[in-house]
Amino acid sequence: MERTKERWGTRIGLVLAMAGNAVGLGNFLRFPAQAVQNGGGAFIIPYLVSFVLMGLPLLWIEWAIGRHGGKYGHHSAPGMMDKLGHSRWLKYAGVFGIFTNLTIAAYYTYLESWTLGYVWYSLTGVFHNMSAHEVRDFFFWYVGAEGNPIINVSPHALFFFILTFTLNVWILSRGLSKGIETASKIGMPLLFIFGVFLAVRALTLNAGELNAINDALVGLNFLWNPKFESLADPKVWLAAAGQIFFTLSVGMGSIHCYAAYLRENEDIALNATTAGFTNEFVEVVLGGSIIIPIGVAYLGLDEVQRIVGLSMGFQTMPTLFQNWGPILAAVAGMAWFGLLFFAGITSSLAMGQPVVAFFHDEFHLDRKHAVRVYGVLLFILALPTILFFSHGAFGEYDDWSGTFSLVLFALIESIAFSWIFGIDRGWEEIQRGAELKIPIFFKFVMKYVTPLFLLGVFSGSLIAPKEGDWIAAFSQLFSGKGWPLDPNSILGKIFRVGVTDTRYFIDGEPTSIFIVDMTRLLLLVTFIGIACAVAYAWRHRKVQAEKGRTP
């Protein structure tokens, strides 16, 4: 098989690309929400513990799997997992590494396009003189969340999606060093500049200044002031572990892919650690110093706790920036949505590369043809999230691709690396060529603690109790009243907990239940299709190998 000759151009380019893969919209939108909703300072302690015991070990594992698989010409998860042992099922575990990247990229690119649109709206003063209610209604109109039509999307949203989609495909077509690495070298520094500007402006905002009702430091103090009594709450630990898991972009197959382009003895221990800590700096220091302090300064802590998250990022921040005057509001809006855009595109590029590499390695397509195939699949899969956004399609992608598949694949790969490939071989792989000597303590952590951590996160998402109250749930279970599943848990969604009307059509019109089930069917068919493609590629390789041995 012809192996790709693509390599990273520079070490800084590799680290920035890896950091860009991890740094995403969740660093600035999901982390503040998780911190505020889980006690602020109480959240930081289990967050850091989870980073050390689960996040860092997973980074080292995925970098090691990637570099090891790259030696054999594999740059996507099926081939890399296949090389961890002799079990035939390993390559099918790697299907998650293609499925997850493809389907997350489908809805993530749409979300990313919102940020690009809002950069334009901020610079052109669209939000100037709008009330908070009008800004909220503008967002509902933009994403098609107003009204009842099944297909309800604004032409603006379609335009910015097509623009974002085209930009992603074009960068991928330019290759690893000229495309992804160059984009990361431009995007990540700009993200830092925008983030520092907003953080400085936020943290120097005092009560009475620019209509602020509180000092911004009140919000920062809430985030960093530890509440040790909350450490006894399982909900806080699960939330912290889940955030670490998602923020590092582990369990996707994208880290593996990037690491596969390293040479056999290139350092992975230091590179993985650097990329991980860069992500943590962006998330905790920058992500925690913008939306929470600004929100608390203008709205108060109680209101921020109620609205923080995706909606606050798009519906509330443009309104708050208007307090800074038209010029500074435009600059702040451009910086806020600009950093979100760069965080998004560096991540979506990382999702596209493993899929492109799969078609290149296993089906011998050149890069341009592989990118075209990826582009067609991405566009088709993105359409349901755009056209049926308000009827649950977007959320289904996020639940099954962005939660369930990630955690399950990470659990499988951690067990395969430590127990099938072998922790001794794995440790040797991580340490080979390393400039950073990892403490031997982490060998034990990788073999036992990390899989248990992942099992806990997976179990938590599978059987999460109503309103996240684990203590009350166990009390109810032991009293013989059964386990109160939360409607948003995996099993809760499967068994439609809380859903009373399951009709597919009402008065001849399809319902949201119909859209949700068709979305799930589409995701299932996509997964099966990728598994079939893997089976065909390996069968074809076996036939070619047998022909090569025939005299």
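The values are calculated or read from the model by the stated rules, or taken from the named source; none is laboratory data. These numbers come from a predicted model, not from an experiment. For neighbour counting, all protein chains shown are included, and Cβ atoms are generated from backbone atoms with ideal geometry for every residue, glycine included. When the accessible area is computed, the model is the full protein with side chains, heavy atoms only, and any ligands, DNA or RNA have been set aside. Shrake-Rupley method; radii C 1.70, N 1.55, O 1.52, S 1.80 Å.
A few points about this structure:
- For residue 481, the lysines whose Cα comes closer than 16 Å to its Cα, not counting residues fewer than 8 places off in the same chain, are 466.
- With the simple model of a label 7 Å out from the Cα in the direction of the Cβ, residue 209 to residue 311 spans 3.1 nm.
- Label positions at residue 277 and residue 170, each projected 7 Å from the Cα along the C-beta direction, are separated by 3.7 nm.
- Acute angle (nearest 10 degrees) that the helix 56-70 long axis makes with the longest principal axis of the chain, alpha-carbon atoms: 40 degrees
- With all protein chains modelled, accessible area of residue 539 [1.4 Å, Å²]: 140 Å²
- The chain shape via C-alpha gyration tensor axes, a/c threshold 1.5: rounded
- By a 1.4 Å probe calculation restricted to protein chains, residue 52 has an accessible surface near 60 Å², given to the nearest 10.
- Stretch gain in nm, segment residue 535-residue 432, where the contour uses 0.36 nm per residue and the Cα spacing is subtracted: 33.8 nm
- C-alpha center-to-center spacing [region 337-387, region 153-204] in angstrom: 15 Å
- Backbone N within region 401-435 under 12 Å of label point (7 Å from residue 87 Cα along the Cβ vector): 412-422
- Sum of -39500 (n - 2.57) over DSSP H runs of 4+, divided by residues of the chain (222 nm, nearest 500): -20500 deg cm²/dmol
- Overall form of region 192-239 per C-alpha gyration tensor (a/c, 1.5; a/b vs b/c): oblate
- Entries in 227/447; 447/493; 91/185; 83/443; 71/447; 83/542 that, when Cα-Cα distance is taken, lie over 26 Å: 227/447; 447/493; 91/185
- Between the helical axis of 11-22 and the longest alpha-carbon principal axis of the chain there is an angle of about 60 degrees.
- Computed extension length for residue 419-residue 380: 10.2 nm, one decimal, from 0.36 nm per residue of separation with the Cα-Cα distance subtracted.
- Label-point gap, in nm, between residue 145 and residue 462 - each point 7 angstrom along Cα→Cβ: 3.2 nm
- Surface per residue (accessible, 1.4 Å probe) for the chain, Å²: 40 Å²
- Of the residues 487, 341, 375, the one whose Cα sits farthest towards the positive end of the charge dipole of the chain is 375 (charges of +1 on Lys and Arg Cβ, -1 on Asp and Glu Cβ, taken about the Cα centre).
- Of 301, 381, 48, the residue with the largest accessible area leads and the full order is 48, 301, 381 (1.4 Å probe).
- Protein accessible area in the chain, 1.4 Å probe - carbon and sulfur %: 65 percent
- Figure note: 461, 475, 418 ranked by solvent-accessible area, largest first, 1.4 Å probe, ligands and nucleic acids not counted: 475, 461, 418.
- One Cα centroid belongs to region 1-71, the other to region 473-516; the line between them spans 33 Å.
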